[in-house]
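A.B. asks: Before I ask anything, let me first share the structure, which is written out below as structure tokens.
The values are calculated or read from the model by the stated rules, or taken from the named source; none is laboratory data. These numbers come from a predicted model, not from an experiment. Cβ coordinates were reconstructed from backbone atoms using ideal geometry, including for glycine residues, and neighbour counts include every protein chain displayed.
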Amino acid sequence: MELNDLQAQRKIKLDRLRETGLNPYPASSARTHHVAAALEQFETLAEAGTSLTLAGRIIGARRVMGKIAFAHIEDGSDSIQLWISRAEMGDVLFERFRDDIDTFDIIEVTGVLRRTQKGEPSIFAHTISVLAKTINPPPEKWAGLSDVEERHRQRYLDLIVNSERRAIFRARALAVSTMRRVLDSRGFLEVETPILQPIYGGAAARPFSTYHNQLGQSLYLRIATELYLKRLIVGGFPGVYEIGKDFRNEGVDRSHNPEFTMMECYQAFADYRDMMRLVEDVLREMAVAVTSSTLVPFQGHELDFGCDWPRIPMAEAINTHTGIDIAQVNELAALQAAITAANLKVERKLTWAKQVDELFSEYVQPLLIQPTFITDYPVELSPLAKRKPDQPSFTERFEAFIVGMEIGNAFSELNDPFDQAQRFLDQLKDFAAGDTDAHQMDADYINALMYGMPPTGGLGLGIDRIVMVLTNQPSIREVILFPHMRQRED
């Protein structure tokens, strides 16, 4: 393995430690306290003169001043100063720290707790040993990695030097556990469904494909969990949910990653209105858990999760902001003519449904800053949703939006097997016309519906985007530990 100059210097120190008979990568540690626990009990332990052993990574600069040296170690719970003296440690250990131990090394320190003359809580070391000699030096700017792409590529280094990044992912874990707690408290059963699927469905998206050699079968990474979870409602469970990864073969931008985390839940004898109330309750609880408030700051906005969300029909929202009534111009040619007449700049699409969606995405969605439900989508955009009884060309569906991002999608689920079969057939026509995101026919799902599915409310929430909002992060890459990155040319 070829090393650069800085790595080579550290390798020399590694070899020197080994030459003295020391193992710079021992199998275990004799740590007695986390740093946070030692600081919490500091006065008691210091007064008793208790000897304790701490372990952690050396952070910041090491300072050696004659016969005294200082450093800080961090173990993930907190950090503490090391006070090291030649008189207390002896020549051999002091010189080992001075000559062969570097910033970023992971070490173990045994000593007693005292305050320095400046009052800083410290561990006065008796012995020091190396737990992991670090070959890579810290970045030049200790405050953190300045190259955003490099932070995402080397997330491990990003987490070492940026404690606020670790805080984001602790907040993410808290948000997910809060969501799980709310769903569990309401009687939903957490389940697991296949990631490898013979037919992809449950969303309008292109899949990633693979191949099972033994079975000689093409398979797809799931784009949604919906159709399997609704099979479980048919099977008799009153409410189910799954939190897991979905995969969509689409572009990458500030709110899209090809691998992302979704929560989908389904409740028997409920409808999309029940799902709206569930969204309001879940997001309110998550906001309070993560930020201790229902008022959440995000990129210059203050978002209110403590009130009822506005409910705006899609046709009304488009009409308000474009002057086009999609209920009247319900053919592709007529809609595109209306767009031209209104001098609206939108990309031309191959189907009426896609054109409506493009019009909404361009002229309505960016304006939805506060938490908002857009309701009653056209049937052509909602192949899995139940029709509105009084407006059969529209469905009982909503999407939830915050700061111009869709964070959730929900239906009164279609449970008529004949209507569902026809909608799948209509989707296949769109697919043949060039809509690569169109749904596929799932004959087994139709068969399940023919055994009877009760009226059901279904909901999907995007975990990554919700965490973006709750932690005030402008990009989805900041809330995914290992986001997808373009391969380097080198």
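A.B. asks: Any chance region 430-438 includes a residue that's of a type in the set (S, T, N, Q), within 29 Å of Gln197 (Cα to Cα) and surrounded by 20 or more Cβ atoms within 10 Å (Cβ to Cβ)? Full working, then the answer.
C.D. replies: Taking region 430-438 as the starting set, the residues that turn out to be of a type in the set (S, T, N, Q) are 436.
Filter once more, keeping what is within 29 Å of Gln197 (Cα to Cα): 436.
Pick out the ones that are also surrounded by 20 or more Cβ atoms within 10 Å (Cβ to Cβ) and you get none.
No, region 430-438 contains no residue that is of a type in the set (S, T, N, Q), within 29 Å of Gln197 (Cα to Cα) and surrounded by 20 or more Cβ atoms within 10 Å (Cβ to Cβ).
A.B. asks: Against the definition (modelled with pLDDT of 95 or more and surrounded by fewer than 20 Cβ atoms within 10 Å (Cβ to Cβ)), how does Asp281 come out, yes or no? Give the derivation first.
C.D. replies: Values: modelled with pLDDT of 95 or more: yes; surrounded by fewer than 20 Cβ atoms within 10 Å (Cβ to Cβ): yes.
Judged against the criteria, Asp281 is a match.
A.B. asks: If I filter region 198-210 for residues that are in a helix (DSSP H, G or I) and in contact with a strand residue (DSSP E or B) (Cβ under 7 Å, 6 or more places away or on another chain), do I get at least one hit? Don't jump to the end; show me each part of the working.
C.D. replies: First, pick out the residues of region 198-210 that are in a helix (DSSP H, G or I): none.
Looking for residues that are in a helix (DSSP H, G or I) and in contact with a strand residue (DSSP E or B) (Cβ under 7 Å, 6 or more places away or on another chain), one finds none in region 198-210, hence no.
A.B. asks: May I ask you to list the residues in region 165-196 that are farther than 30 Å from Ser209 by Cβ and in a loop (DSSP other than H, G, I, E, B)?
C.D. replies: The initial filter retains those residues of region 165-196 that are farther than 30 Å from Ser209 by Cβ, namely 165-171, 173-175, 177-189.
Passing the criteria: Arg186, Gly187, Phe188.
A.B. asks: For Gly56, are the conditions met, namely being modelled with pLDDT of 95 or more, farther than 13 Å from Pro121 by Cβ and either within 32 Å of the chain's Cα centre (by Cα) or not assigned by TED's automatic domain parsing to the domain that holds Trp83 (or both)?
C.D. replies: Working: modelled with pLDDT of 95 or more: yes; farther than 13 Å from Pro121 by Cβ: yes; either within 32 Å of the chain's Cα centre (by Cα) or not assigned by TED's automatic domain parsing to the domain that holds Trp83 (or both): yes.
Criteria met by Gly56.
A.B. asks: Also, quick follow-up: Can you confirm whether region 155-167 contains a residue that is touching a residue at least 60 places away in the same chain (Cβ under 8 Å), more than 24 Å from Ala410 (Cα to Cα) and aromatic (Phe, Trp, Tyr)?
C.D. replies: Within region 155-167, none of the residues are touching a residue at least 60 places away in the same chain (Cβ under 8 Å), more than 24 Å from Ala410 (Cα to Cα) and aromatic (Phe, Trp, Tyr).
A.B. asks: Still on this structure: Look at region 8-17 and say how many of its residues are surrounded by 13 or more Cβ atoms within 10 Å (Cβ to Cβ) and over 11 Å from Lys133 (Cα atoms).
C.D. replies: 2
A.B. asks: Among the listed residues Ala167, Ala224, Ala173, Ala205, identify the single one that is aliphatic (A, V, I, L, M) and modelled with pLDDT under 95.
C.D. replies: Numbers: Ala167 fails: modelled with pLDDT under 95; Ala224 fails: modelled with pLDDT under 95; Ala173 fails: modelled with pLDDT under 95.
Result: Ala205 is the single residue among Ala167, Ala224, Ala173, Ala205 that is aliphatic (A, V, I, L, M) and modelled with pLDDT under 95.
A.B. asks: May I pose another question? Assess whether Ile233 counts as being of a type in the set (Val, Ile, Thr) and crowded, with 19+ Cβ neighbours inside 10 Å. Steps first, answer last, please.
C.D. replies: Working: of a type in the set (Val, Ile, Thr): yes; crowded, with 19+ Cβ neighbours inside 10 Å: yes.
Spelling it out, Ile233 is indeed of a type in the set (Val, Ile, Thr) and crowded, with 19+ Cβ neighbours inside 10 Å.
A.B. asks: Continuing with the same structure: Provide a single number: the residues in region 413-445 that are polar (S, T, N, Q) and within 20 Å of Ile223 (Cα to Cα).
C.D. replies: Taking region 413-445 and keeping what is polar (S, T, N, Q), we get 415, 420, 422, 427, 436, 440.
Now narrow it down to the ones that are within 20 Å of Ile223 (Cα to Cα): 420, 427, 436, 440.
Here the count works out to 4.
A.B. asks: Would you check which residues across region 294-351 are among the polar types (S, T, N, Q), loosely packed, with under 13 Cβ neighbours inside 10 Å and assigned by TED's automatic domain parsing to the domain that holds Asp274 and list them? Quick ask: steps written out before the conclusion?
C.D. replies: Here is the first cut: in region 294-351, the residues among the polar types (S, T, N, Q) are 294, 299, 319-320, 322, 328, 330, 336, 340, 343, 351.
If we keep only those that are loosely packed, with under 13 Cβ neighbours inside 10 Å as well, we get 299, 320, 328, 340, 343.
Residue satisfying the conditions is Gln299 alone.
A.B. asks: Report every pair of residues separated by at least 6 positions or lying on different chains whose Cβ atoms are under 9 Å apart, first residue within region 437-459 and at pLDDT 95 or above and in a loop (DSSP other than H, G, I, E, B), second surrounded by 13 or more Cβ atoms within 10 Å (Cβ to Cβ) and among the polar types (S, T, N, Q).
C.D. replies: Once the first residue is at pLDDT 95 or above and in a loop (DSSP other than H, G, I, E, B) and sits in region 437-459, its partners that are surrounded by 13 or more Cβ atoms within 10 Å (Cβ to Cβ) and among the polar types (S, T, N, Q) give Gly452/Asn415; Met453/Asn415; Pro454/Asn415; Pro455/Ser412; Pro455/Asn415.
A.B. asks: Within the set of pairs 6 or more residues apart or between chains, which connect a residue that is surrounded by fewer than 14 Cβ atoms within 10 Å (Cβ to Cβ) inside region 472-490 to a residue that is modelled with pLDDT of 95 or more and aliphatic (A, V, I, L, M) with Cβ atoms less than 8 Å apart?
C.D. replies: Pro474/Met468
A.B. asks: Can you tell me how many residues within region 251-282 are under 18 Å from Asp437 (Cβ atoms) and among the aromatic types (Phe, Trp, Tyr)?
C.D. replies: Applying the first criterion (under 18 Å from Asp437 (Cβ atoms)) to region 251-282 yields 251-253, 255-260, 262.
Of the ones still in play, those that are also among the aromatic types (Phe, Trp, Tyr) are 260.
Summing the residues that are under 18 Å from Asp437 (Cβ atoms) and among the aromatic types (Phe, Trp, Tyr) in region 251-282 gives 1.
A.B. asks: Could you run through region 281-328 and say how many residues are within 13 Å of Leu359 (Cα to Cα) and β-branched (Val, Ile, Thr)?
C.D. replies: Going through region 281-328 one residue at a time, the tally reaches 5.
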